[in-house]
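Reviewing the structure listed below.
The values are calculated or read from the model by the stated rules, or taken from the named source; none is laboratory data. Just so it is clear, the model here is predicted, and its values are computed rather than measured. We place every Cβ from the backbone using ideal geometry, glycine too, and count neighbours over all the protein chains shown.
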Amino acid sequence: MSKRTGLHALYRRDPVQADMALFGRRSDPLSRRGFISGLSAMGAAVGAAIFYHQHVPAGLVPAALADSPEPFEIVGKSGLIVLNDRPLNAETPPHLLDDRVTPAEHLFVRNNGIPPVVSDPQNWTLKITGESVIKPKSYTLSELKRRFEQISLQLVLECGGNGRSEFYPPAAGNQWTLGAVGCPEWNGIRLRDVLEDCGVADDAVYVAFNGGDTHLSGDPAKRPISRGVPMAKAMENESMIAWGMNGHDLHPMNGHPLRLVMGGWPGSVSGKWLTEIMIRDRIHDGAKMTGTSYRVPCEPVAPGSQVADEDMCIIHSMPVKSLITHPRTGKRHPLSQALQLRGHAWAGDRSVSKMEVSIDFGQTWQEAVLESPVNRLAWQHWSVDLRFPGKGYYEVWARATDDHGVSQPMVLPGWNPKGYLNNATHRIAVYAV
Ligand SMILES: Nc1nc2c(c(=O)[nH]1)N[C@H]1C(S)=C(S)[C@@H](COP(=O)(O)O)O[C@H]1N2
Ligand SMILES: [Mo]
């Protein structure tokens, strides 16, 4: 079951932690007075910079939010379901992913730690380091904007744990259902251009990131997450350093002011609040690269198995998947009319070549109209008109097939200790009336 936490419940439980979780606001538990360094996160939450920020008491529920219906809304986001408040994690119900290009307000949030408070975004600095960089360099955000060719691409961002809630035996972690995915248009530059500006040594193997967020423990020596990708993925045309989403600055919870976007791979390689890129001469060994983190058994195992470390493989491309974004599940539809069903499909590094739907529990399938992606690694839109043979309850199932002929499974795919890569078909309930 997903955990829905109301704003007031959150503050009641631990006001200091609620401040941290929601706003990255550090407050002093002894004096009970808030110190707020930059204020942009909380300002973003209430919709403007807080003028008297130095006087905001610790644990105060901002009045702008106090009246919001529970579960609380994150300003700039709407309709998301909060799964965890510390760190903040929120997913999007499928019917709110109906837009062709995901609006910022509907993009999920997956935080592993406490977001930074960003005070001077244009002077945010990105450094390029690592064993295999020829000339280590630093760039401010305004330098990145000035010096490199700007590009905009629609790229699918999906958490590796999307769909985790279905696994049995259950997997610990955020109980994502369907909505840890989205496909906004990202604005920024090619990662490759920046890497080449510094020079990539012949022995380079991996490109990894560090971000400006802090570990939940508060220990500055620990990173919440530091992952990476093999050189070939980093050098693709679509691998981006992005400062914008749909023509606006990134939302504070989606990595403002700078992040990586590696379309088609688990979201965890798309580092947010990007401060450092490391060109490594080995497979990156940062936080959440090892053990069961973002790794799955190299060969299928029985559900609940213990898997030896050397039998676990790092997740690369995400598998083929699709969503029905219209209608919303539970729809009552007049029998006399055709029902227009629509959604999106994507397939990690691959493209989707076929989309089908079934209204008879998978006995027969009807092919949907499937569009090409606007650019590589963008999701593809599909639609189909359905007619129902009589009144009653139906389930509509939707399945995509990728360009290698691989389809979504009807039931859960391979169990793995952390519950990654569930790409089972999406199904909705429809009542023909
Ligand atoms: N610095 C940093 N980058 C991060 C994370 C994080 O916690 N810290 N979470 C990762 C994970 S697991 C995912 S799925 C995506 C989520 O991106 P979003 O919150 O913008 O949807 O960001 C990734 N990048
Ligand atoms: Mo993730």
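Brief remarks on what is shown
- Filtered residues of segment 344-356 (kept if part of a strand (DSSP E or B) and either surrounded by fewer than 21 Cβ atoms within 10 Å (Cβ to Cβ) or at pLDDT below 95 (or both)): 350, 353, 354
- When 164, 147 are checked against the criterion of being in contact (Cβ under 8 Å) with a residue 12 or more places away in the chain, buried (at least 19 other Cβ atoms within 10 Å of the Cβ) and assigned by TED's automatic domain parsing to the domain that holds residue 302, a single residue qualifies: 164.
- Test for residue 184: is it touching a residue at least 24 places away in the same chain (Cβ under 8 Å) and within 16 Å of the chain's Cα centre (by Cα): yes
This table checks each residue for (1) in the same structural domain as residue 153 (by TED's automatic domain parsing); (2) assigned to a strand (DSSP E or B); (3) away from ligand 2 (no atom under 13 Å from the Cβ); (4) in contact (Cβ under 8 Å) with a residue 40 or more places away in the chain.
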residue	(1), (2), (3), (4)
253	yes, no, yes, yes
257	yes, no, yes, yes
263	yes, no, yes, yes
276	yes, yes, yes, yes
279	yes, yes, yes, yes
282	yes, no, yes, yes
288	yes, no, no, yes
292	yes, no, yes, yes
296	yes, yes, yes, yes
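- Inter-residue pairs, beta-carbon under 6 Å, first surrounded by fewer than 15 Cβ atoms within 10 Å (Cβ to Cβ) and in segment 322-338, second modelled with pLDDT of 95 or more and basic (Lys, Arg), 6+ apart: 338/387
- Selection status of residue 408, without any contact (Cβ under 8 Å) to a residue 24 or more places away in the chain and either more than 22 Å from the chain's Cα centre (by Cα) or within 30 Å of residue 305 (Cβ to Cβ) (or both): no
- Subset of segment 235-251 [among the charged types (D, E, K, R) and in a loop (DSSP other than H, G, I, E, B)]: 236, 238
- Qualifying residue in segment 115-133 (condition: closer than 19 Å to residue 294 by Cα, in the same structural domain as residue 242 (by TED's automatic domain parsing) and within 16 Å of ligand 2 (Cβ to nearest atom)): no
- Members of segment 246-260 that are more than 9 Å from ligand 1 (Cβ to nearest atom) and at negative phi: 248, 249, 252, 256, 257, 258
- Annotation: of all residues in segment 298-322 being in a strand (DSSP E or B) and within 15 Å of ligand 2 (Cβ to nearest atom), the one that is nearest to residue 94 (Cα to Cα) is 321.
- Verdict on residue 270 being of a type in the set (S, T, N, Q), within 16 Å of ligand 1 (Cβ to nearest atom), within 20 Å of the chain's Cα centre (by Cα) and closer than 25 Å to residue 156 by Cβ: yes
- The conditions of being in contact with a Leu (Cβ under 6 Å, 6 or more places away or on another chain) and either in the same structural domain as residue 258 (by TED's automatic domain parsing) or farther than 30 Å from residue 373 by Cα (or both) are met by residue 182.
- Residue in segment 400-411 that is surrounded by 21 or more Cβ atoms within 10 Å (Cβ to Cβ) and of a type in the set (A, V, I, L, M) present: yes
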